[in-house]
């Protein structure tokens, strides 16, 4: 079997473009899976026994999650007014951001009424399906 290096490179580029950890492609009897390691040097830390560890902030509240893999945009156009700000009261169904996938702009609606507690993504950041984008009080 001949290895299709061009296809593997294209799949690797998709990993980087969409912030994925792995991707799988199948065409007939040919199946290719490309994955990358998620462990980096910045994630590995050591703690001495007896020292207090920093407390991880609890993510409590109503979560607005990404319905698709793509790139998150906080405003309808570059330099435009953001859809939401921290502290703003919003209504169920109100657009909180856009997730672009394959040149299609997908409006992400709020899942409930509430106040924006925290925006968990940056403008232009790659997001995964099911990733929490916004926390509401």
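For segment 50-70, state whether one or more residues are assigned by TED's automatic domain parsing to the domain that holds residue 98, in a strand (DSSP E or B), touching a helix residue (DSSP H, G or I) at 6+ places or on another chain (Cβ under 8 Å) and at pLDDT 80 or above.
Yes, segment 50-70 contains a residue that is assigned by TED's automatic domain parsing to the domain that holds residue 98, in a strand (DSSP E or B), touching a helix residue (DSSP H, G or I) at 6+ places or on another chain (Cβ under 8 Å) and at pLDDT 80 or above.
Go over the candidates 99, 86 one by one and state the one that is farther than 18 Å from residue 137 by Cβ and either in contact (Cβ under 8 Å) with a residue 12 or more places away in the chain or not in a strand (DSSP E or B) (or both).
It is 99.
Search segment 122-137 for residues that are on the phi > 0 side of the Ramachandran plot and without any contact (Cβ under 8 Å) to a residue 40 or more places away in the chain and pair each with any residue that is loosely packed, with under 14 Cβ neighbours inside 10 Å and assigned to a loop (DSSP other than H, G, I, E, B) when their beta-carbon atoms are under 7 Å apart and the residues are at least 6 apart or on different chains.
Listed pairs, sorted by first residue: none to list.
Yes/no matrix, rows are residues, columns are (1) crowded, with 16+ Cβ neighbours inside 10 Å; (2) in contact with a helix residue (DSSP H, G or I) (Cβ under 6 Å, 6 or more places away or on another chain); (3) farther than 17 Å from residue 61 by Cα:
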site: 102; (1), (2), (3): no, no, yes
site: 112; (1), (2), (3): no, no, no
site: 117; (1), (2), (3): yes, no, no
site: 124; (1), (2), (3): no, no, yes
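Tell me yes or no: at least one residue of segment 1-23 is at pLDDT below 90, assigned to a strand (DSSP E or B) and not assigned by TED's automatic domain parsing to the domain that holds residue 128. Lay out the reasoning, then the answer.
Start the filter on segment 1-23 by keeping residues that are at pLDDT below 90, which leaves 1-23.
Next, only the ones that are assigned to a strand (DSSP E or B) stay: 22-23.
Within this subset, residues satisfying the condition of being not assigned by TED's automatic domain parsing to the domain that holds residue 128 are 22-23.
The answer is yes, given that some residue of segment 1-23 is at pLDDT below 90, assigned to a strand (DSSP E or B) and not assigned by TED's automatic domain parsing to the domain that holds residue 128.
Look through 101, 126 and report the one residue that is modelled with pLDDT under 90 and in the same structural domain as residue 71 (by TED's automatic domain parsing). Please lay out each step first, then the result.
Values: 126 fails: modelled with pLDDT under 90.
Criteria check complete, one pass: 101.
The values are calculated or read from the model by the stated rules, or taken from the named source; none is laboratory data. Everything numeric here is computed off the predicted structure, so don't read it as measured data. Positions of Cβ are generated from backbone atoms using ideal geometry, with glycine treated the same way; all protein chains shown enter the neighbour counts.
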